[in-house]
Amino acid sequence: MPVLRRACRTGRSPLADAAAQAPTAPVAPTQPRPPAGPSPTAPGFGGPVPADTDSRPTNPIPVVASPIEPANTPTAPGFTADGVPKLTRRRDYRVLGGVAGGIADHLRVKVLWVRVAFVLLALLSGAGVLAYGLLWIFVPQAAPDAPAAQPASPVERRQALGIAAVGLAILIVVAALGLGDSLGVVLGPLGLAAIGAAFIWREADDARRARWRRSAAGIVGPSRASWWRLIGGCVLVVGGLSVFALGQVDFTAVQSALLAVVLTLVGVAVITIPWWVRLVRDLGDERQGRIREKERAEIAAHLHDSVLQTLALIQRQAGDSKEVQRLARSQERQLRTWLYGPAGYAAGHGAADSPAAVDQTFAASLAEAAGDVEDTYNKSVTPVIVGDTGMDQHLNALVAASREAMVNAAKHAQVEEISVYAEIEDGTASVFVRDRGIGFDPAVVGSDRRGLAESIRGRMERHGGTATVRSSPGNGTEIELTVPVRPDESERPTPVMNSQQGDVTK
Amino acid sequence: MSHPVTVFVVDDHALFRTGVKAELAGLDDDRIAVVGEAGSVGEAVVRITSDQPDVVLLDVHMPDGGGRAVLDQIHAKLPDVVFLALSVSDAAEDVIAVIRAGARGYVTKTISGRELADAIVRVSAGDAVFSPRLAGFVLDAFSDRGGPAPVTDPELDLLSPREREVLKLLARGYAYKEIAAQLFISIKTVETHVSSVLRKTQKSNRYELSRWASDRRLV
């Protein structure tokens, strides 16, 4: 890097900076010509630059405020969704603020053309200077680890200065043709102020870099040169504005005091613009960081309450394989619901905000019943549910009967797995509870089984449904339960009855 | 069968790969032989291309695009390699996406070793393997709930009544043999119906999957 650094340092001519690319102060955005005044004091401020460094942390600002293209898509850092480099100001190989280079990278044209365009625009009532200044303010610097464009060769640097010189020459010609006399008095001081602002803003870029470097290396205190440039910039701005005021204003006028105040405020605004911009950006960063942090904390809290607790329990009961299995199953089900369920994490926050409404659906109720049986009897119960609807009393009865059927299978079938399939179709809700267990002959059942079957069947019939038992010894059992579903108005989850449940926030 | 079905395991969890290999080896089943494994999408693409196994057990959720990315890069090039999705994911859109990308079946990771071995042999023979959960997802996808989806090609966009019946029995946990007995058809016919459902799931453009997946929560 030392070679490049030297190139940067020696290559910068404050004169060229001022003439070609100095941002105009917002004081006079409608001035007919760009500030082109000579700047005898400038070389003193163009001295040593804080060394560029690659140890800065990543620029955290992903959003680029750009009048050309809103490039805020979250793709590869430094590039838009289309693979175009984002509009950032060049960090290295710049002549003044890195604006022209950044635009050239963004538009993928030669930086020469961008500079020519700026100079030509500058001749149009100073529009180019104004544009350059605004871009300098609003376009963030490139991230330190962004891929560097091709190095600025001495040739390129000479080109930039040449373009600036041509622009300056044209200005002088224009001035010589007679337009300059009346405007020179105005432009001289304002140009001076603009140069001052340029140095302050440039210093702000360097200060930001220095701040990064300090936080990285632990060194405190800005360099002396940067203080000098800062103070010099302030003096130029204030001085330029003062000269402008003295030259232009008739101080016998009543409003002169008011004008002085306004000019002072303008001067302060110009000097502090970089810090305002930075403040706004830092606030945005911090807000994003807080949101991420909150999200992370939520996930951590959930994992702690569920998975870590369960793992601790499993360790303590490692000898009891049945209990370990039960814990693992129960935890898996909970985590699944959290991740993929209707109110789950993956469903987005809108759904998670209304857990009460979700509790009311048929699918959720049946899944809950299956989970209960799974936990209580330590059997794997896997429900597959097609379609869903809001609950009513008939469906409540269906879920209760299904639960009985699952309990039956868990108690008597002597298998580890019970299949549950439910569907809502053509106005009928059906539940199939199936096991591949020992089975039985429905015609010859024990008194206890008979009672349960009656309870299931009786319950279904009271609600206009049916219960069918298919079983034979050795071939497992399937119980089919159906009830009619009210047509369309029940197709959506009904509004929550007890609204206080909806107000509970975690 | 003259030679065992060669199986390749793709999963980003080394522990799980080891578990699957151990379980399949422990069955002492000479129908299948695990020949390789990969822990990332890139590794999987390279090694499957060179090894050309018969069946790939594919994890749905992995960094860098998951099983979908592997299928997208390999399936067109190597149509003879059969993919069977094996995942803990319960998200319907993930599962359907992998099926549409070319996987010939989906089973959950809680499947027993014996069932997994059977599933591997079946997909390698050209069958589709529908776990009850996948059958439920597909039934949901072809239902008319969530607004009338346009039927542009009845051949692809609608399930026949028989296919629907077969799918429902699959969702209820029936084996092919039991489905055949229940519907009084041959096992071969059941296989044909299931393959047809798989083809429709892969080719039909009737529904937009993301929209369907979100509607499913509301209907």
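All of the numbers you see were taken from the coordinates with simple rules; none came from a lab. This is a predicted model, so every value here is computed, not measured. Reconstructed Cβ throughout: ideal geometry from the backbone, glycine too, with neighbour counts over all protein chains shown.
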Other-chain or far-sequence residues with amide H under 5 Å of A:V485's (modelled H): A:T428, A:A429
Extension gain (nm, one decimal) between A:R470 and A:S330, 0.36 nm per residue minus Cα-Cα: 47.5 nm
Cβ neighbours within 10 Å from other chains - mean over A:377-385: 3
FRET efficiency, A:T428 to A:V262 (Cβ-Cβ, R0 56 Å, nearest 0.05): 0.10
Members of B:K21/B:K200; A:K294/B:K109; A:K322/B:K21 lying beyond 30 Å, as alpha-carbon distances in this model show: B:K21/B:K200; A:K294/B:K109
Distance in nm between pseudo-label sites at B:K203 and A:L339 (7 Å out along the Cβ direction from Cα): 3.4 nm
Shielding by partners - mean other protein chain Cβ count within 10 Å, residues of B:17-28: 0
Point-to-point label distance, B:D30-A:R287, nm (Cα→Cβ direction, 7 Å offset): 7.0 nm
Computed magnitude of the charge dipole of region B:1-127 (debye, nearest 20; Cβ of K, R +1, Cβ of D, E -1): 180 debye
Listed residue pairs exceeding 23 Å between alpha carbons, taken from A:K379/B:K177; B:K168/B:K203; B:K177/B:K203: A:K379/B:K177; B:K177/B:K203
Partner chain coverage, peptide B:168-178 - average Cβ within 10 angstrom: 5
Extension gain (nm, one decimal) between B:V46 and B:D72, 0.36 nm per residue minus Cα-Cα: 8.0 nm
